[in-house]
1. Write out, first by first residue and then by second, each pair whose Cβ atoms fall under 8 Å of each other, whose residues are 6+ apart or on separate chains, and whose first residue, in segment 95-109, is within 16 Å of N46 (Cβ to Cβ) while the second is of a type in the set (V, I, T) and assigned to a loop (DSSP other than H, G, I, E, B).
2. Of everything in segment 84-102 that's open to solvent by 50 Å² or more (accessible area, probe 1.4 Å) and of a type in the set (S, T, Y), which residue is farthest from T112 (Cα to Cα)?
3. If you take the residues of segment 64-83 that are assigned to a loop (DSSP other than H, G, I, E, B) and free of Cβ contacts under 8 Å to residues at least 24 places away in the same chain, which of them is surrounded by the most Cβ atoms within 10 Å (Cβ to Cβ)?
4. Just give me the residues in segment 51-63 being open to solvent by less than 30 Å² (accessible area, probe 1.4 Å) and farther than 12 Å from V113 by Cα, in sequence order.
5. Could you check how many residues of segment 11-64 are at pLDDT below 95 and β-branched (V, I, T)?
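The values are calculated or read from the model by the stated rules, or taken from the named source; none is laboratory data. All figures in this text were calculated on a predicted structure; none of them were measured in a lab. All Cβ positions, glycine included, derive from the backbone under ideal geometry; neighbour counts span all protein chains shown. Areas reflect the complete protein model, heavy atoms only, side chains present, ligands, DNA and RNA absent. Shrake-Rupley method; radii C 1.70, N 1.55, O 1.52, S 1.80 Å.
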Amino acid sequence: PTLPIQGTPMHKTILFALVVLTVLSVGALAANQVIHQKGRVFSSENVTIKKGDALTYVNDDSIPHNIMSATKGSEFNLGSQAPGMSTDVTFKEAGNVQVICAIHPRMKMMVTVTE
């Protein structure tokens, strides 16, 4: 014998909406990692992300930074990023991307972008 499904159609609709929102939220969070800049260093020296994902560069320092990459196919230059600012960078090509601060030469990190 089959058992009747519990709950009203409205309850089922709300549950479905919550499941969809949860899945979308987890997907959005998974695709965007945060890199902090403090003490004239990046919070991570090596990061691996998927092609099309973004990194959010947050300046938690008391001085400006200029985050950039001259890696062919993945060039970008955020310009002067004041303390407290954050900027997203989407990586569209697979490969290794060297990211530096143009102001502080010891600030370096490698972003590995996978297919």
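1. Pairs that qualify, where the first residue is within 16 Å of N46 (Cβ to Cβ) and the partner is of a type in the set (V, I, T) and assigned to a loop (DSSP other than H, G, I, E, B), are G95/T71; N96/T71; V97/T71; Q98/T71.
2. Looking at the filtered set, the residue picked out is S86.
3. So the first thing to find is which residues in segment 64-83 are assigned to a loop (DSSP other than H, G, I, E, B), and the list is 64, 66, 70-75, 78-80, 82-83.
Checking the rest, the ones that are also free of Cβ contacts under 8 Å to residues at least 24 places away in the same chain come to 72-73, 75, 78-80, 82.
Numbers: K72: 9, G73: 12, E75: 10, L78: 19, G79: 11, S80: 12, A82: 10.
Checked segment 64-83; the qualifying residue surrounded by the most Cβ atoms within 10 Å (Cβ to Cβ) is L78.
4. Within segment 51-63, T56, Y57, V58, N59, D61 meet the criteria.
5. 7
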